[in-house]
Amino acid sequence: MLFFLFLLLAFSPVGAQNRVALSGVLRSAASGEPLIGASVSVAGTTTGVETNVNGAFTLSLAPGTYQIQFSYLGFETLTREVVLRKNTRLNVQLEETANKLSEVVVESQRNSFQERLSTPQMSMETLTTREAKLLPALFGEVDIIKTLQLKPGIQSGGEGSSGLFVRGGSNDQNLVLLDDALVYNPSHLFGFFSVFNPDAVRGVELYKGGFPAQFGGRLSSVLDVKMREGNRNENDVSGGIGLIASRLTVEGPIQKGKSSYLVSGRRTYADVFTRMINKAKESDPDWSPIPDYYFYDFNAKASFDLGEKDRLFFSGYYGRDFFAFDDENFNFNFNWGNKVASARWMHQFSPRFFVNTTFAASNYEYEIKNELDIYSFSLTSNITDLNLKTDFEYIPSERHHLRFGGSVTDHRFVVGRLEANSQDGSVNVGAGNTYRGQEYGLYAQDDWTFSPVFTLSYGLRLSGFVNEGKHFLGLEPRAAASYRFSETLTLKANYTRMFQYVHLISNSGASLPTDIWYPSSPGVRPQRSDQVALGLTKLIKDKYLLSTEAYYKKMNRQLDLRDGAEIFANPNLEQEFVFGTGESYGQEFYVEKKEGKTTGWIGYTLSWSNRTFPDINNGKTFPTRFDRRHDLSVVAIQEVSKRINATATFVYGTGNAYSLPVQRFIFQDVEGEDYTVIPVYPERNSFRLAAYHRLDLSLVYKLRPRRGSSDLTFSVYNAYNRRNPYFVFFETVRDEATDQITGFVAKQVSLFPVIPSVTYNFKF
């Protein structure tokens, strides 16, 4: 804490007596929700700030009369004259730009681009659900993570996957937060959809690098998802009915203008139809029942104004996936899911000093149950977190914006708990391990506007982890700078060090529900990464934003499994681990247009991602499975009329690196009746799947109901029916006469052909 007190004293403004504070909260006029990241500036100057996570802002100015401009993407820009003689609080509401004059939209978009130019933050992508709902979606289900995969530097794991692979990092190296609560598995349907219901989400920020000091615990990215607060002014009901899922959201004021609630639910219903088919076919002895599968999730949030200086928030999420197969002799049930909850108290000590205190709980678990005749078997694994953190925000002057705070997390791990028994008592077996660890972090960061053209953001995070008497400690410096050559051209750079103390253990190339989270221990040291990035941002004609970033990331103490490792119910799991290093580097290019009837973006990434393990591949460096040399995405959104929007997205990516056998040995017994086929593999990931490319189309048609609003969304996924590879297997070729093996033929498996869908969305 002495470090933080030193920073507070160092940045205390000289001559603060001659300045006064203009503070307040910026909200949506329609719903009363706070607007996060909105711009509040003094017209005709470079002085300005962004609203924080509570929609609050503070400007420190000399006494006088000012034209204060308030702007936010998708809302009408508002300019208000303010006479400042003393500290003044000003609460402002902005109107949405829907059905507003087009020139208002142009001004709002220009302000958005100017904010991107002025801030030192780079390597970040922002997204609202309004944007995501315009894009084509698989089976008509809007997915925020799939939309982020269309940005440069963010790759998907392959066909149908909702995982994120950011700048060469693996899927477990992403810190995923929902209202400050950690989500360990952000996927439904084995990774095909994310757990984030778009109707309950307000917005998303994804940091690919240059991480602010308040974030830690992962190497590659931070996905910060904020839930909507609910309408503070009137009751609303909204939802959608699609091909495989439906969703419903209810929201409204608890006390009008002062508190609100939001409840949102979603469920798939393919299982309803498969059960009907199985029921109709149950008398057919040749019928093989179709397995059951469905998922559901539930979001809830309540917010309360306790006064001008205090606000209270409660958030919760519960989601579950179920897969089941039953017949007369065999029963298999597999379910997994997340539970998260958070409570946050925001207090304003003064117009320049805020604090947010959050308590969050997270749980992820899976369970496999299997019954065969008189025998039963179950396998479970879970991780539970309890987290307490406090974040302070102090604005001593218009040149400094200081953030500092700390957090502590208690982790509890249940790794591979196995139980097997029989009805007659002849079998009764139990195994599994339980671990516990404590993780903590202290941080401080200052955003320093050194001059109108040069801005510096620098900070330090001290992190640690305790487990089995072993104490790990990490110093994580952060620095970012921007230099503005002109009103339309900015150069940016950043450096970040991150530590990761919990690790995902997987025996497959994809992220599956059965993967196991494992803590750092005396035998497993924490992972570490160092990343640098350099970027250039250019605004052309107030319409087009061009940016390019080059990055290099070095990762130490990467964890993998040795060949043939067994991770289930293994009491000596650490013996299966091997450790190495990782390296990724590349160049990202991005051009975006947000003004006019035709909008969209083009993103392209040229990148390399490699790993080196002394115990794998004979110590030779090999590409990761998701090393992708070329990654291209094109998104075009056309406003055909006031009621019709058409969208097209095209993606292209180099095929994933893959390991395939180049020959096989066949060993026969003495009689020549039984044989064993042993494949021979060359270097790891030495082959490539075919290139991945796909075109998706959608059209949103706004209806005219008597009350509220509604639309029909038509989507075509994989419009030209590209058979993209999901995986490759080998089919054995036999001689028809002798039934002897004569060869092996590679076969490609693809998931999704062309898939049309329609979704009805409503709000009233």
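The values are calculated or read from the model by the stated rules, or taken from the named source; none is laboratory data. Note that the coordinates shown come from a computational prediction; the quantities given were computed from them, not determined experimentally. For neighbour counting, all protein chains shown are included, and Cβ atoms are generated from backbone atoms with ideal geometry for every residue, glycine included.
Specify which of the listed residues (Arg722, Arg706) is among the charged types (D, E, K, R), touching a His at 6+ places or on another chain (Cβ under 8 Å) and more than 30 Å from Gly564 (Cα to Cα).
Selected residue: Arg722, the only one of Arg722, Arg706 that is among the charged types (D, E, K, R), touching a His at 6+ places or on another chain (Cβ under 8 Å) and more than 30 Å from Gly564 (Cα to Cα).
In the same structural domain as Asn331 (by TED's automatic domain parsing) and either more than 30 Å from Lys492 (Cβ to Cβ) or among the hydrophobic types (A, V, I, L, M, F, W, C) (or both): which single residue out of Gly257, Gly209 fits that description?
Residue meeting the stated conditions: Gly257.
Looking only at residues that are under 25 Å from the mean Cα position of the chain (by Cα) and of a type in the set (Val, Ile, Thr) in the stretch 227-270, which one is farthest from Pro34 (Cα to Cα)?
Ile244
If a residue must be of a type in the set (Lys, Arg) and surrounded by fewer than 22 Cβ atoms within 10 Å (Cβ to Cβ), how many such residues does the stretch 296-343 contain?
3
Would you pick out the residues in the stretch 697-714 that are surrounded by 15 or more Cβ atoms within 10 Å (Cβ to Cβ) and touching a Leu at 6+ places or on another chain (Cβ under 8 Å)?
Ser698, Val700, Tyr701, Ser710, Asp711, Thr713, Phe714
Considering only the stretch 488-501, how many residues are part of a strand (DSSP E or B) and either charged (D, E, K, R) or surrounded by fewer than 24 Cβ atoms within 10 Å (Cβ to Cβ) (or both)?
Summing the residues that are part of a strand (DSSP E or B) and either charged (D, E, K, R) or surrounded by fewer than 24 Cβ atoms within 10 Å (Cβ to Cβ) (or both) in the stretch 488-501 gives 6.
Can you find a residue that is within 30 Å of Gly708 (Cα to Cα) and surrounded by fewer than 24 Cβ atoms within 10 Å (Cβ to Cβ) anywhere in the stretch 206-215?
Checked the stretch 206-215: no residue is within 30 Å of Gly708 (Cα to Cα) and surrounded by fewer than 24 Cβ atoms within 10 Å (Cβ to Cβ).
Does any residue in the stretch 530-544 that is closer than 13 Å to Val591 by Cα come within less than 7 Å, Cβ to Cβ, of a residue that is of a type in the set (S, T, N, Q) six or more places away or on a different chain, and which pairs are these?
Filtered contacts from the stretch 530-544: Leu536/Ser547; Leu536/Thr548; Thr537/Thr490; Thr537/Ser547; Lys538/Thr488; Leu539/Thr488.
Would you mind telling me which numbered condition in (1) crowded, with 21+ Cβ neighbours inside 10 Å; (2) more than 25 Å from Tyr652 (Cα to Cα); (3) touching a Phe, Trp or Tyr at 6+ places or on another chain (Cβ under 7 Å) Pro198 fails?
(3)
May I ask you to verify whether Ser260 is of a type in the set (Ser, Thr, Tyr), out of contact with any Leu (no Cβ under 9 Å at 6 or more places or on another chain), closer than 18 Å to Lys226 by Cβ and assigned to a strand (DSSP E or B)?
So Ser260 fits the description; yes.
Taking Ser511 as meeting all but one of (1) modelled with pLDDT of 95 or more; (2) not in a strand (DSSP E or B), write down the number of the exception.
Of the numbered conditions (1) modelled with pLDDT of 95 or more; (2) not in a strand (DSSP E or B), the odd one out for Ser511 is (1).
Any idea which of (1) modelled with pLDDT of 80 or more; (2) closer than 28 Å to His630 by Cβ; (3) in a loop (DSSP other than H, G, I, E, B) is the one Glu159 doesn't satisfy?
Condition (1) is where Glu159 drops out.
Which residue, of Arg352, Arg320, is touching a residue at least 40 places away in the same chain (Cβ under 8 Å), outside the structural domain of Ser60 (by TED's automatic domain parsing) and of a type in the set (D, E, K, R)? Quick ask: steps written out before the conclusion?
Working: Arg320 fails: touching a residue at least 40 places away in the same chain (Cβ under 8 Å).
Exactly one of Arg352, Arg320 is touching a residue at least 40 places away in the same chain (Cβ under 8 Å), outside the structural domain of Ser60 (by TED's automatic domain parsing) and of a type in the set (D, E, K, R), namely Arg352.
Tell me, please, whether a residue that is surrounded by fewer than 20 Cβ atoms within 10 Å (Cβ to Cβ), touching a residue at least 24 places away in the same chain (Cβ under 8 Å) and under 30 Å from Ala343 (Cα atoms) can be found in the stretch 269-280.
no
Scan Val106, Val142 and give me the residue that is under 19 Å from Gly600 (Cβ atoms), at pLDDT below 75 and hydrophobic (A, V, I, L, M, F, W, C).
None of the others qualify; the one that does is Val106.
Give the stretch 734-764 a look and list any residue that's among the basic types (Lys, Arg) and surrounded by 13 or more Cβ atoms within 10 Å (Cβ to Cβ), or say none.
Taking the stretch 734-764 and keeping what is among the basic types (Lys, Arg), we get 734, 747, 763.
Within the stretch 734-764, just Lys763 meets the criteria.
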